[in-house]
1. Run N199 past the list (1) in contact with a Phe, Trp or Tyr (Cβ under 9 Å, 6 or more places away or on another chain); (2) modelled with pLDDT of 95 or more; (3) under 19 Å from F94 (Cβ atoms) and report the number of the one that doesn't hold.
2. Restricting to strands (runs of 3 or more DSSP E) lying wholly in the stretch 194-252: which have 3 or more residues that are under 17 Å from the mean Cα position of the chain (by Cα) and without any contact (Cβ under 8 Å) to a residue 60 or more places away in the chain?
3. Can you name the helices (runs of 4 or more DSSP H) wholly within the stretch 1-108 that have at least 1 residues being out of contact with any Gly (no Cβ under 8 Å at 6 or more places or on another chain), within 21 Å of A268 (Cβ to Cβ) and modelled with pLDDT of 95 or more?
4. Give A41, A36 a once-over and let me know the one that is more than 16 Å from Y246 (Cβ to Cβ), free of Cβ contacts under 8 Å to residues at least 24 places away in the same chain and out of contact with any Cys (no Cβ under 7 Å at 6 or more places or on another chain).
5. Among the residues of the stretch 253-272, write down those that are on the phi < 0 side of the Ramachandran plot, surrounded by fewer than 20 Cβ atoms within 10 Å (Cβ to Cβ) and either outside any helix (DSSP H, G or I) or in contact with a strand residue (DSSP E or B) (Cβ under 8 Å, 6 or more places away or on another chain) (or both).
6. So F22 passes all but one of these: (1) buried (at least 20 other Cβ atoms within 10 Å of the Cβ); (2) within 20 Å of L261 (Cβ to Cβ); (3) of a type in the set (A, V, I, L, M, F, W, C). Which condition number does it fail?
7. I'd like the full set of residues that are touching a residue at least 24 places away in the same chain (Cβ under 8 Å) and surrounded by fewer than 18 Cβ atoms within 10 Å (Cβ to Cβ), limited to the stretch 166-178.
8. Condition first: under 19 Å from the mean Cα position of the chain (by Cα) and small (G, A, S). Now tell me which residues in the stretch 263-272 satisfy that.
Amino acid sequence: MTTIHALRGDAVEAYRHNGFAFPIDAFTAHEAAGWAAEISALPNAALKAHRAPWVQKAYLLLPSLDALMRDPRLTGPVASILGDDLLVLSADLFIKSPRTQKRITWHQDVNYWGLEPMQVLTAWVAFTSATRENGCMHYSRGGHRARLRHVEHKTDDNMLTRGQEIAVEIDEATVVDVCLRPGQVSFHDGLTPHASGANNTDDTRIGFAVRYAPTRTKQTSGPPITARLVRGSDAHGHFELEGGPYPALSSEALAAHMRALAPHAAHAYSTI
């Protein structure tokens, strides 16, 4: 018997109203621990010598992450919101070491992406626990209804490549802590304001943020984005589809990763 993975109607409605939905029980704690262990062993020598940031579009380097973002336990719930034909435009690892003051300022994911329609859903997969103490995300409820002006102020503690930050004050009454157990997932709209704080614990916090878009999406400006078809079919052909997956950290994988990221280097990789 085929298992149907989908979001309940009330969760879809909550996503559309609030700009987010969580927690979604997609994967097991055992699976999450396996991904966390794989990431914790990196970067190796090849990645240290690699010119592009390996944590961005990391699925091009690690086939385990490629399989994760194709998994129907994840794409099924995403399809409940975006439809059955799905691309991944980017997918990034967010790693906070123990006792680090690294943070992420309030921002909207797709602020620097020229897309039409701007229907991007970020699925944030917890490889480890995400808590207030170790720097979980915070969402601003309802903030996805408008594209907000951003300013750039890069500091050493800001994990965003250009230090981008929303230029208006976030209403604290709208802020929600996104606490997750390993294997759980949160969904947020590409325009939902979000941020995260420092990791004040003795454990590393690891999450994997996958940016899904319907295949009807097209790019209207900016350096070319390549994409991975992960569900359904692509009848539109608006994006160059990526090859692979290739063996983990192989020369083919490193070359594919460089090809995908190189056009975005001049923009400090904020356009992907």
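The values are calculated or read from the model by the stated rules, or taken from the named source; none is laboratory data. In this text the structure is predicted, and so the values were computed from the model without any measurement. Backbone-built Cβ (ideal geometry, glycine too); neighbour counts: all protein chains shown.
1. (1)
2. Values: elements: 194-196, 205-214, 218-221, 228-231.
Result: empty, no element qualifies.
3. On the way: elements: 9-18, 29-40, 45-49, 63-70, 72-82.
Fully inside the stretch 1-108 and qualifying: 45-49.
4. A41
5. Scanning the stretch 253-272 gives a single hit, S270.
6. (2) is the only condition that F22 fails.
7. I170, D171, T174, V175, V176, D177
8. Of everything in the stretch 263-272, those that are under 19 Å from the mean Cα position of the chain (by Cα) and small (G, A, S) turn out to be A265, A268, S270.
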